[in-house]
Structure formats: C-alpha cells, structure tokens
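The values are calculated or read from the model by the stated rules, or taken from the named source; none is laboratory data. Remember, it's a predicted structure, so these values are computed and weren't measured experimentally. Every residue, glycine among them, receives a Cβ derived from its backbone with ideal geometry; neighbour counts consider all protein chains shown. The protein model used for the area step is the full one, side chains on, heavy atoms only, and it has no ligands, DNA or RNA in it. Shrake-Rupley method; radii C 1.70, N 1.55, O 1.52, S 1.80 Å.
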Amino acid sequence: MQLNLQVDMATKWIFWVVIVGVLFGLASTQDFNAIITKKPEAVYNHTAALILVKFASAAYTDDQAALQAWTCHRCGGLIQGFQLSEVIVDVPNSLQAIVGIAENLPAIVVAFRGTQETSFQNWLADLYFTQLDFNYPSVKDAMVHHGFYSAYHNTTLQPHIVAAVQSLLQQRNGFSVMVTGHSMGGALASFCALDLVVNYNIQDVQVVTFGQPRIGNPIFASFYDSSVPKTIRMTHGHDIIPHLPPYYTILEERTYHHVAREVWIYTVDFGILTYETTRVCDETGEDPTCSRSVFGDSISDHLMYLGTVLRTEHSSDSGWWLSERQYNSL
C-alpha cells in the first residue's frame with residue numbers, strides 16, 4: 001500500500017513538471033520569437049533588450065573617470081567593449097547621456113540617465129499638470145509633457161547628442177541608431193529619437209525604454225508611432241511610473257496617452273513555482289491586458305528590469321518610497 005502511494009505521488013509530480021515545462025516553452029516561444037518573425041509591426045527583440053538595459057543602467061554611473069574609460073562596474077558583461085564617444089552632462093538640470101558604438105548590436109547607442117533621487121519630486125509635480133503645444137510641422141493639436149520635452153530640447157543634451165550621432169554615422173555607414181533610457185531617461189530617449197528622425201532625417205532609429213512615463217496626448221502619440229515605429233516601451237509588474245501622468249479617456253485629446261509598443265514583464269505562478277515572462281502588447285499604447293491591467297503601486301518593480309538595477313549608485317529604496325508616499329498625498 002505504501003509503495004503504491006509513493007508511485008502515485010511520483011506520477012503526479014512528473015505530470016506537473018511536464019505541464020510546467022510545456023507552458024514555459026509555449027510562453028517563451030510566443031513572447032520572444034514568433035511575434036518577431038511573423039508580425040513585422042512587432043519589433044521586440046529580447047536579446048537587444050538585455051543589452052540595452054545594461055546601457056540604461058550604465059548611464060546612471062556617477063564616477064565620470066570610470067565612465068569615460070568604460071571601466072565602471074556597470075560597464076562590463078554584455079556591453080563590454082563599447083566604444084564610448086561622448087558623455088554629455090548638464091549639471092544644472094541633473095541630466096546625463098552617453099553616446100558611442102556597440103559593434104555587437106551593431107548600432108550607435110544613445111543612453112539617457114533616469115531620474116536623480118534628489119530631483120524626483122520636482123519632475124513628479126510637473127508630471128501631473130503641464131502640457132506644452134508641440135510645434136512640429138503638420139501636427140495640429142499635439143501636446144507634450146513640458147518638463148520632459150524641455151529637458152531634451154532646451155538644455156545642452158540635444159545639440160551634443162545630435163552632433164555625436166551624425167559624426168558616428170559617418171564612421172559607421174549603415175549602422176542603426178538605438179536610443180534607450182529608464183524612467184525620465186526613457187522619456188528623453190523618445191523625444192531624442194523623434195528629433196533624429198523628423199528634424200535630421202536619420203531613418204533607422206530604434207528605441208527601447210524601461211519604466212517610461214507618458215509624454216504626450218493621443219495626437220502626439222499617434223504622430224510619434226508613425227514616425228518612430230521601431231519603438232519598444234518595456235514595463236515591469238506593478239511599476240508605478242508607466243501609470244503617470246494618468247490616462248483619462250473622458251478627457252479625449254487632453255489626456256496623456258502612451259506611445260506604442262508596450263512589452264510587459266510580469267510574473268506567472270505555477271503553485272510554488274514562479275516564472276517571469278513577457279507579453280508583447282497591442283499597437284494602441286494603452287493595451288488594457290498589459291500593465292494597465294494592474295494597479296501601479298510599486299517602486300521596486302520600477303528599479304529592476306530584466307535582472308538589472310536601474311537607479312543612481314548611491315541612492316536607496318527608502319528615498320523612492322518617501323517620494324511615493326508624497327505622491328499619494330497629492
């Protein structure tokens with residue numbers, strides 16, 4: 001009797017292992033491969049995302065000497081051998097970006113640093129209330145986030161980045177330009193990519209951002225999507241920042257609206273086992289089955305993407321949690 005019981009338990013255990021394995025395989029195939037090859041409008045490439053998230057993390061490096069020499073502790077692994085061209089720092093506005101050549105992609109990479117902990121509350125307040133007329137030709141009634149737009153266009157970032165990219169394209173004819181960033185850095189990356197395409201006629205521009213907030217209204221989002229179609233906006237779990245500024249359908253063209261295409265990282269539970277997978281979302285930018293299906297209440301999800309820490313090297317979670325409590329009191 002005891003032997004039969006042990007056999008039954010072993011059989012059930014093997015059954016569930018097989019089921020989990022099949023589900024794991026199906027999820028991996030669907031999320032990482034099939035959509036890329038069969039649907040050209042879905043440009044998500046998991047390998048490229050794993051590389052670009054490292055650049056987004058390296059952009060947070062405070063040690064300028066180590067960054068210039070590309071010897072910082074975040075500068076190894078998948079991004080080792082990166083040929084850094086320029087580090088652009090705008091001290092008054094707490095902004096930083098790096099530009100260089102990544103032969104393994106192959107591409108010219110532009111990576112923006114995200115929010116500095118000490119300036120988080122400033123842009124969070126601006127995040128809620130201010131929209132700016134978008135003055136690109138033939139784009140009527142488009143509105144953008146004032147703070148993020150100005151942080152790219154009205155600081156030292158824009159002229160230095162454009163000059164560096166144009167110079168590197170002459171050295172690497174045929175290379176694409178990949179732009180990345182985390183949090184506010186993702187917002188700046190999107191404005192940068194649009195600038196390179198529309199104002200400087202650079203054709204092959206690709207974008208992968210992590211935990212990016214909304215940056216404009218639906219009219220702007222539509223214009224951006226048609227101008228920079230090779231854009232992936234990655235979200236993670238219950239990350240709070242992609243839910244900001246809020247999206248209100250009743251406000252129509254006055255509301256903020258995400259650009260496409262979102263790729264949501266989320267956790268699937270199989271009993272005592274958990275598996276982190278990705279969902280390639282629809283082309284609307286506001287897919288209700290992706291990050292909008294959960295409440296955005298997590299700072300920890302915001303600070304970790306694809307196993308990579310994304311924050312300043314000296315910052316702590318406590319500072320971010322304080323900002324979240326302040327946000328909840330607004």
Members of the range 245-298 that are open to solvent by 30 Å² or more (accessible area, probe 1.4 Å) and of a type in the set (Gly, Ala, Ser) | GLY271, SER293
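When you go through SER167, SER176, SER190 one by one, which is the residue that is modelled with pLDDT of 95 or more and surrounded by 22 or more Cβ atoms within 10 Å (Cβ to Cβ)?
Working: SER167 fails: surrounded by 22 or more Cβ atoms within 10 Å (Cβ to Cβ); SER176 fails: surrounded by 22 or more Cβ atoms within 10 Å (Cβ to Cβ).
It is SER190.
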Breaking point among (1) free of Cβ contacts under 8 Å to residues at least 60 places away in the same chain; (2) under 13 Å from HIS145 (Cα atoms); (3) buried (at least 24 other Cβ atoms within 10 Å of the Cβ), for PRO218 | (3)
List pairs: first in the range 239-263 and under 11 Å from GLU286 (Cα atoms), second in a helix (DSSP H, G or I), Cβ under 6 Å, 6+ apart or cross-chain?
-> PRO242/SER291; HIS257/PRO218; HIS257/ALA221; VAL259/ALA221; VAL259/TYR224; VAL259/ASP225; ALA260/ASP225
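Do the conditions hold for ILE51, that is, is it open to solvent by 10 Å² or more (accessible area, probe 1.4 Å) and either small (Gly, Ala, Ser) or modelled with pLDDT of 95 or more (or both)?
Numbers: open to solvent by 10 Å² or more (accessible area, probe 1.4 Å): yes; either small (Gly, Ala, Ser) or modelled with pLDDT of 95 or more (or both): yes.
Yes; evaluated as a whole, the condition is true for this residue.
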ALA65: passes all of (1) at pLDDT 95 or above; (2) closer than 19 Å to LEU306 by Cβ; (3) open to solvent by 70 Å² or more (accessible area, probe 1.4 Å) but (2)
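I'm checking my understanding of the structure. Among residues of the range 193-213 that are open to solvent by 10 Å² or more (accessible area, probe 1.4 Å) and either free of Cβ contacts under 8 Å to residues at least 24 places away in the same chain or charged (D, E, K, R) (or both), which one is nearest to MET234 (Cα to Cα)?
Here the residue is ASP204.
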